[in-house]
Every structure is written in C-alpha cells, then in structure tokens.
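Taking it in order: structure first as structure tokens, then the write-up.
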Amino acid sequence: MSLINKEITDFTVNTYFNGEFGTLTREDIRGKWAVFFFYPADFTFVCPTELEDLQDKYEEFKKIGCEIFSVSCDSHYVHKAWHDASEKIKKLTYPMLADPAHVLCNMFDCLIEADGMAERATFIVNPEGQIKAYEVNDGNVGRNAEELLRKVQALQFVAEHGNEVCPAKWKPGDETLKPTLDLVGKL
C-alpha cells in the first residue's frame, strides 16, 4: 500500500542538535517542508557518507524552506557519542532524531522488525504533514543528496503550480509539462 498523501500523526522524539538534547513533535514541523532521512544505525559504514553528503547540501535545503531530520533507532545519547567520535558526523548541523521506541519507524512503515533498525528510507513531507515522496533502498546502497534536493524542489513547484508537472531530471528553471485532457486520458 502506498504511503503517498498519508498524513503523519502526533509524535514526540528526543533529538541531538547543535550540541544539545531536545525534543521534536509533529507540531514543530507543521507549516514547512521536511525530509525524514532514516538510516539503520549510528557507528556504521554507509550511513556517515550519506549524512555528510546531506550536510554538504543542507544550506540549499534551508534556502528552499526545507528542514532535514536524520533518524535512526539509536538513542539521542548514542547520537551524541557518534557525533563526538566521528569526523564526518561532527560536521552535521541538522537535527538527529532518536527513535529507540520505533515511533517514527512504525509511522513511516520503515522498521526492519527482526533487527530493530530502520530501513535506509527517505520521506519528503509537505507543510500540511503529508508524505509526498518516499524511497527505500537496500541497506548496502547509499543515497544522493543532490537528487533528494531536486525532488523537494519539484514537489514544491508542483504544489505551487498545480496545473504543471515536472518531467524526469527537471530542475528549477527547466520547462515543465502542462497536461491536457487528451494527454491525461492516455496516462
């Protein structure tokens, strides 16, 4: 079953962000675009490469009004320990969400139950709290922050210009498509 347009429900999770512990709730993300970037576990191999890649694009995400939230089933204390121990993770300036009770993993349906860890999954949530895009990768395959940024930009464009659609590889400033009734009937 697809998760597109599923509205996220109330939640409260602990965070590690800017050297401090805190909490994040559903209300904290309402009214803005958000990316929930799930990864299997702290102190692993592929995850730090992805999180660093995301950090390299973080300012661009912020410029378009999109917040990034990395999520694993580790506690916020483990996030801090990893942050303190890893040169790549020390660079992170976006919030790391702790999901040891699997609140977010269950809501986004990306829990590997046998392992108690998250899938390598990405969810883009609109300001109304609805999932507008998601992707789940095999645990051995890292994701690309540049492509994720492009997807958020395309979703924002479509949300603003509802009568236009973005073709493959679309980037801001590129031509869009305007479906006609003839074209829609052939989809």
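The values are calculated or read from the model by the stated rules, or taken from the named source; none is laboratory data. A quick note: this is a predicted structure, and the numbers were derived from the prediction, not measured. When we count neighbours, we look across all protein chains shown, and the Cβ atoms used for this are built from the backbone with ideal geometry, even at glycine. Quick note on the areas: whole protein, heavy atoms, side chains included, nothing else; ligands and nucleic acids left out. Shrake-Rupley method; radii C 1.70, N 1.55, O 1.52, S 1.80 Å.
Name the pairs whose Cβ atoms lie under 9 Å apart, with the first residue in the stretch 145-172 and at positive phi, the second part of a helix (DSSP H, G or I) and surrounded by 12 or more Cβ atoms within 10 Å (Cβ to Cβ), and 6 or more positions between them or separate chains?
169/150
Considering each residue of the stretch 31-56, count those that are over 12 Å from residue 71 (Cα atoms), buried (at least 16 other Cβ atoms within 10 Å of the Cβ), in contact with a helix residue (DSSP H, G or I) (Cβ under 7 Å, 6 or more places away or on another chain) and modelled with pLDDT of 95 or more, and give that number.
Number satisfying all stated conditions: 4.
Output the number of residues of the stretch 71-124 satisfying the condition of being outside any helix (DSSP H, G or I) and of a type outside the set (Phe, Trp, Tyr).
Residues flagged as outside any helix (DSSP H, G or I) and of a type outside the set (Phe, Trp, Tyr) within the stretch 71-124 amount to 32.
Working carefully through the options 152, 136, find the one that is outside any loop (DSSP other than H, G, I, E, B), open to solvent by 40 Å² or more (accessible area, probe 1.4 Å), among the hydrophobic types (A, V, I, L, M, F, W, C) and modelled with pLDDT of 95 or more.
136
Being open to solvent by 50 Å² or more (accessible area, probe 1.4 Å) and touching a helix residue (DSSP H, G or I) at 6+ places or on another chain (Cβ under 9 Å) is the filter here, so list the residues in the stretch 88-105 that pass it.
Correct list: 88, 90, 91, 93, 100.
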